[in-house]
Amino acid sequence: MTMPANVLTPDLIARLRAIVGDNHTLTDPDQQLPYVRELRDLYVGSAGVVLRPGSTEEVSKILALANAHGLPVVPQAGNTGLVGGQVPMNGEIVLSISRLKKVRALDPDGFTMTVEAGMTLAEVHAAADGINRLFPLSLPSEGTCQIGGNLGTNAGGVGVLAYGNTRQLVLGLEVVLADGRIWNGLSPLKKDNTGYDLRDLFIGSEGTLGVITAATLKLFPKPLEMATAFVALPSVDAALPLFSMAEEAAGQSLTAFEIMCELALDMVVKHAHNVRDPFTARHPWYALIEISGLKEDGNAERLMMELLETATERELLVDATLASSLTQQKDFWRLRESYSEAQRPEGDSIKTDVSVPTQKIPEFIKRADAAVAAINKDARPVPLSHFGDGNVHYNVSQPVGWPKGKFNAEQWKPIANAVHAIVLEFGGSISAEHGIGQMKRDELARIKDPVALDLMRRIKASFDPKGILNPGKVL
Ligand code: ZN
């Protein structure tokens, strides 16, 4: 552990306290606990003080003071990040945006809304729903993750196939810079070619360039019907032609195409609450397919039935169930969304978040299986994939019977390195949707194009010359 470059003295804490008030200045370690560790305890750090500002102006005052004294600040939203980007490691100031919760504007006819960064994703969904619109970003953590964190990490999830990732869902931003100045880039304009795109620099910057305090988001018409199928595949190879057929048949209406391996479903059925295997036998791979329709005319279901019939004829499916009610649709989604919770009781798990060109996913998974087996024949790969956007979570559970902690401690590096080597060989990315944080920082420095890295470092230096924003993350 290294001490922060400049020390947070009692006098500075008093000045910060004067900005946000007593109730929102946390110095007691017990109160700080939820802000200094993440949900899997992979990263447990410490904070000098946790501040919970209630307005953009308070964020601005905090950063101006921190910058003047060279105090490091870790911006934090719902603390659900998976690469340690939001965890303070060295007694930094934690700047929690969770009290910034106002809906600033709703424009159903313009299909936009402007919200503050601390709203949970579920609250953003509800606000959009209130004006009969859809905000399509969809993540298992939607009840706790906050939109500011989604923006900061350019989150992906299961809706990317049809609607794009977070970056594609944003029109404008309000950002507080490292020196406390506020950039008002909240604009609903879809066309604006007046120079460099600052918005896209902040999205995905993981709190290293500025603190996003509000955003103007794109909204969509709400689908009025949904056909959801859970299908069994004879092999992972069948996923590619099946996906291709589904895209051809449904195009933009194909709103999900997720695949998971047999062991993943096995763990879900064993450990998750309120789920049951939709089939009587086990199969090597499964897919969850969803087709949406803007009219309630049965067209989504017709398209799905045709797809399932043709796929069965072509032997791309061995079994299929089509949800016949909203409850059953939710049941199918729960099979996919319970995955993380269901993998936990199986012990240590090495997680990756990679992307490869979609047509290479089946081959990538087979190569990764072989590479993992060569390192540890008892390790248990549990891959699943947002297939439609090329994103694979190639996760590996510990061998049965190993003591807690041993697998992650001894084999995370060799296994992740072996998987990432195949990803790079396939022209893929080592972080598809979770970001870099602290987990992948050193690896990024090793593998990223040197010209890109140089540009990124110079952007960082110009936005945050004193290096106070989320030090030790990303770069
Ligand atoms: Zn994912």
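If you check F220, F111, which single one turns out to be surrounded by fewer than 17 Cβ atoms within 10 Å (Cβ to Cβ) and at pLDDT 95 or above?
Of F220, F111, the one residue that is surrounded by fewer than 17 Cβ atoms within 10 Å (Cβ to Cβ) and at pLDDT 95 or above is F220.
Failed condition for G251, given (1) within 15 Å of L307 (Cα to Cα); (2) among the small types (G, A, S); (3) touching a strand residue (DSSP E or B) at 6+ places or on another chain (Cβ under 7 Å), with all others met?
(3)
Looking at T112, T120, which is the one that is farther than 21 Å from S187 by Cα, touching a residue at least 12 places away in the same chain (Cβ under 8 Å) and away from the ligand (no atom under 16 Å from the Cβ)?
Selected residue: T120, the only one of T112, T120 that is farther than 21 Å from S187 by Cα, touching a residue at least 12 places away in the same chain (Cβ under 8 Å) and away from the ligand (no atom under 16 Å from the Cβ).
Evaluate the following for G152: is it under 17 Å from the mean Cα position of the chain (by Cα) and over 17 Å from H386 (Cα atoms)?
Yes.
Residues that are out of contact with any Lys or Arg (no Cβ under 7 Å at 6 or more places or on another chain), closer than 19 Å to G156 by Cα, among the small types (G, A, S) and touching a residue at least 12 places away in the same chain (Cβ under 8 Å): does segment 216-239 have at least one?
no
Which of (1) under 26 Å from F463 (Cα atoms); (2) modelled with pLDDT of 95 or more is the odd one out, the single condition A122 does not satisfy?
(1)
If a residue must be within 16 Å of the ligand (Cβ to nearest atom), aliphatic (A, V, I, L, M) and outside any helix (DSSP H, G or I), how many such residues does segment 418-469 contain?
4
I need the full set of residues from segment 186-213 which are assigned to a loop (DSSP other than H, G, I, E, B) and among the aliphatic types (A, V, I, L, M), in order please.
Selection gives L186, L189, I203, L209.
Regarding segment 396-415, can at least one residue be identified that is touching a Lys or Arg at 6+ places or on another chain (Cβ under 9 Å), under 21 Å from G157 (Cα atoms) and buried (at least 17 other Cβ atoms within 10 Å of the Cβ)?
yes
A quick yes/no check of all residues on (1) within 16 Å of the ligand (Cβ to nearest atom); (2) crowded, with 20+ Cβ neighbours inside 10 Å; (3) closer than 25 Å to N417 by Cα; (4) not β-branched (V, I, T):
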position: L322; (1), (2), (3), (4): no, no, no, yes
position: Q343; (1), (2), (3), (4): yes, yes, yes, yes
position: V354; (1), (2), (3), (4): yes, yes, yes, no
position: L384; (1), (2), (3), (4): yes, yes, yes, yes
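Look at L201 and say whether it is touching a residue at least 60 places away in the same chain (Cβ under 8 Å) and over 26 Å from V392 (Cβ atoms).
On the way: touching a residue at least 60 places away in the same chain (Cβ under 8 Å): yes; over 26 Å from V392 (Cβ atoms): yes.
In short, yes.
Pairs, please: C-beta under 8 Å, at least 6 apart or cross-chain, first residue closer than 24 Å to G54 by Cα and in segment 155-177, second among the small types (G, A, S) and modelled with pLDDT under 95?
What qualifies is L171/S187; G172/S187.
Mind checking which residues of segment 204-253 are closer than 30 Å to N132 by Cα and of a type in the set (S, T, N, Q)?
Selection gives T213, T216, T228, Q252, S253.
Residue check: is V44 of a type in the set (V, I, T) and closer than 29 Å to I430 by Cα? Break it down stepwise before answering.
Numbers: of a type in the set (V, I, T): yes; closer than 29 Å to I430 by Cα: yes.
In short, yes.
Identify all residues within segment 252-275 that are out of contact with any helix residue (DSSP H, G or I) (no Cβ under 7 Å at 6 or more places or on another chain) and either assigned to a loop (DSSP other than H, G, I, E, B) or closer than 19 Å to N391 by Cα (or both); write none if there are none.
Within segment 252-275, C261, E262, L263, H273 meet the criteria.
Considering only segment 284-314, state which residues are among the hydroxyl-bearing types (S, T, Y) and either closer than 19 Å to G388 by Cβ or crowded, with 20+ Cβ neighbours inside 10 Å (or both).
Y286, S292, T310
In the set A18, A14, A5, which member is modelled with pLDDT under 95 and of a type in the set (G, A, S)?
A5
If I filter segment 386-399 down to residues being more than 16 Å from the ligand (Cβ to nearest atom) and in contact with a Gly (Cβ under 8 Å, 6 or more places away or on another chain), which single residue comes out as farthest from S235 (Cα to Cα)?
Q398
Got a sec? Which of G388, G427 is small (G, A, S), over 30 Å from G180 (Cα atoms) and crowded, with 19+ Cβ neighbours inside 10 Å?
Matching residue, one of G388, G427: G388.
Can you pull out every residue in segment 423-475 that is more than 19 Å from N67 (Cβ to Cβ) and hydroxyl-bearing (S, T, Y)?
Across segment 423-475, the qualifying residues are S429, S431.
Working only within segment 356-382, note down all residues that are more than 19 Å from E262 (Cβ to Cβ) and within 16 Å of the ligand (Cβ to nearest atom). Reasoning before the result, please.
Let us first name the residues in segment 356-382 that are more than 19 Å from E262 (Cβ to Cβ), namely 356-360, 371, 374-376.
V356, T358 - these are the residues of segment 356-382 that are more than 19 Å from E262 (Cβ to Cβ) and within 16 Å of the ligand (Cβ to nearest atom).
I need a count of the residues in segment 26-47 that are in contact with a strand residue (DSSP E or B) (Cβ under 6 Å, 6 or more places away or on another chain) and either of a type outside the set (S, T, N, Q) or surrounded by 16 or more Cβ atoms within 10 Å (Cβ to Cβ) (or both).
7
Where in segment 296-398 are the helices (runs of 4 or more DSSP H), entirely inside, with at least 1 residues that are under 21 Å from the mean Cα position of the chain (by Cα)?
Of the helices (runs of 4 or more DSSP H) lying wholly inside segment 296-398, those with at least 1 residues that are under 21 Å from the mean Cα position of the chain (by Cα) span 326-337, 339-343, 361-375.
Only residues in segment 245-256 that are in contact (Cβ under 8 Å) with a residue 40 or more places away in the chain count as the first member; pair them with residues that are among the hydroxyl-bearing types (S, T, Y), Cβ under 7 angstrom, at least 6 apart or cross-chain, and list the lot.
The qualifying pairs are M245/T310; S253/S292; T255/S292.
The values are calculated or read from the model by the stated rules, or taken from the named source; none is laboratory data. Note that the structure is a prediction, hence the values are computed from the model and not measured. For neighbour counting, all protein chains shown are included, and Cβ atoms are generated from backbone atoms with ideal geometry for every residue, glycine included.
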